[in-house]
Amino acid sequence: MKKARFLRAALVLVSAVLGAGTVATTSTAAFADEATVCTSADFEATDFVFQNGLAETTATLKAGSNCQAEVTLVTYLAPKPNFDVPQYLFGSQTELISRSGNTSKGFSVKVPACNTQADLFVGGQNDVINELVKDGKRYGTTKIAFWNGSADKDGSASSCVQPAVQYTAACDGVTTLNLSNNGVLSGYGVDFTVKYGSETKVVTVAKGASEDLTVPAGSGPITVTADKLQPTTINWALPAACEPAATAVNDCKVTTVTVTNPEGNGDVPAKVTYNGETKTVTVPTGKSVDVTFDSAKATTATVEFPESKFEQLTVEVVLGECAEPQPSTSASTSPPVSLPPTAATSPSASASTSTSPAAATPSASKTPGGELALTGAAGGSIAGGAVLLLIVGAGLFFMARRRKVNFKA
C-alpha cells in the first residue's frame, strides 16, 4: 500500500516536471518567433545616390538584430521637390534581409527626371502604396529612410509633365493641333499656350491625356509653349496630297485631258490649253473632269488654276490606241475575155460551151502549185488569132463556091 502511494507521488512529480518543461519550451519558441520580426529600427541605410536614371541605396541589418524582413524601395512622381501630394508610384524593388541569410542588400530603382520622393521601408509588394494622397495611408514607422527633391540632370526643381505637340494641315488651310501629356513622366496636368494672329488660347491637358485645337485658315504662324516644351512655331503649308493632278491621252481622234481635284480643296476652276486651244472648266472637290480637243501632234498640254494657291501643271500627252485603217479594194475595169474551145475539148464539152454563155467566160483556176492560171493580155492574143483564122477560112470557102476552085494535094 505504501509502495503504491510512492509510485503515485512519483508520477505526479514527473508530470509536473514535464509540464513545466513544455511551458518553458513554448515560451521560448514564442519569444524566438517574436525575435524574427524586424522593425525599421533594426536597419540602417546608406545615402541615396541618383545616377543613370536610377535611385540607389543599401539597407543593412544592424548588429545584434536577430530578425528577418522584406525591405522595399519605392520612387514617386511628386508635384514639388519637397513633400507634397498627390504622388504617383514610379518604380519599386523588394529584397529579403535576415541574420541567417543576407544581412545587407543593395537597391537600384528607376527614378523620374523630375520632382520625386524615394522611400525605403520594411514591407513587401503588398505594402506598396500606389498613390500618396491627402489624409491617405503612409509608411509611418516602417520607413527606414526617405528622400525628397528633383532627380533632373541639374538637380533643380522640374515638373513631372511631358508635353508634346503635333499638327495636321488640311487642304482648305485649316490647321489642327494635337496637344498631349501622356508620356512616362506625365504625372500632372500641363498648360499649353497657343498664339496665332490676334488670338491667344490656354489649353490645360490632364496627365495621360491629349486635346485637339483647330486653327482657322489664314491665321498665319502658330506658336505653342508649355512647361518643359521647346517653343514651337508652325506655318501652314499645302500638303502634297492636296495638289491637283492631270493626265492626257490622244487616241488619234480626240485628245482628252483629265483634271483631278482632291477632297477638301473646294471647287477649283481650271484653264486647260492644248494645241493653241484653251477651255475653262470647274472641277468639284474630290472629282475629276475630262476636257476634250481635236487630235493633233502637240505632245503636251497645260493646266492653270486661276486665283488659287495651286501651281500650273504641264502634262505629257500619251498616245493611246488608234484605230487601224481598213485596206481599200480596187475594182477591175478589164472586160471578161472569152476563150475558144481547144482541140483537147471533148465534143460534149464543145456542145456545152456553145449553149452555155457562162462556159465562154474563162474562170480563174489554180495550178497544182496553188498559183492562178495565166489570163489577161496573153489570153486576148490567143482569142484574136482564132478570130482571124475563122475569117480567112470563111473567105476561102466563099471563093471556092464562086470559082470552082479545086484543091489538089
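Summary table below
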read-out: Tally, over segment 257-273, of residues that are closer than 17 Å to Gly173 by Cβ and assigned to a strand (DSSP E or B); value: 2
read-out: Spans of strands (runs of 3 or more DSSP E) in segment 121-224 with at least 3 residues surrounded by 16 or more Cβ atoms within 10 Å (Cβ to Cβ); value: 143-150, 164-169, 175-181, 190-196
read-out: Among the residues listed as Gly218, Gly183, Gly187, Gly197, the single one being out of contact with any Cys (no Cβ under 6 Å at 6 or more places or on another chain), within 25 Å of Asp84 (Cβ to Cβ) and of a type in the set (Gly, Ala, Ser); value: Gly183
read-out: Condition check for Val259: within 30 Å of Leu132 (Cα to Cα), hydrophobic (A, V, I, L, M, F, W, C) and within 29 Å of the chain's Cα centre (by Cα); value: no
read-out: First in segment 292-312 and closer than 13 Å to Ala248 by Cα, second anywhere and surrounded by fewer than 15 Cβ atoms within 10 Å (Cβ to Cβ) and aliphatic (A, V, I, L, M), Cβ under 8 Å, 6 or more apart; value: Thr292/Val254; Phe293/Val254; Asp294/Val254; Ser295/Val254
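Readers should treat all values here as calculations from the given coordinates under stated rules, not as data from a laboratory. Just so it is clear, the model here is predicted, and its values are computed rather than measured. Please note: Cβ atoms are built from the backbone with ideal geometry, for glycine as well, and neighbour counts cover all protein chains shown.
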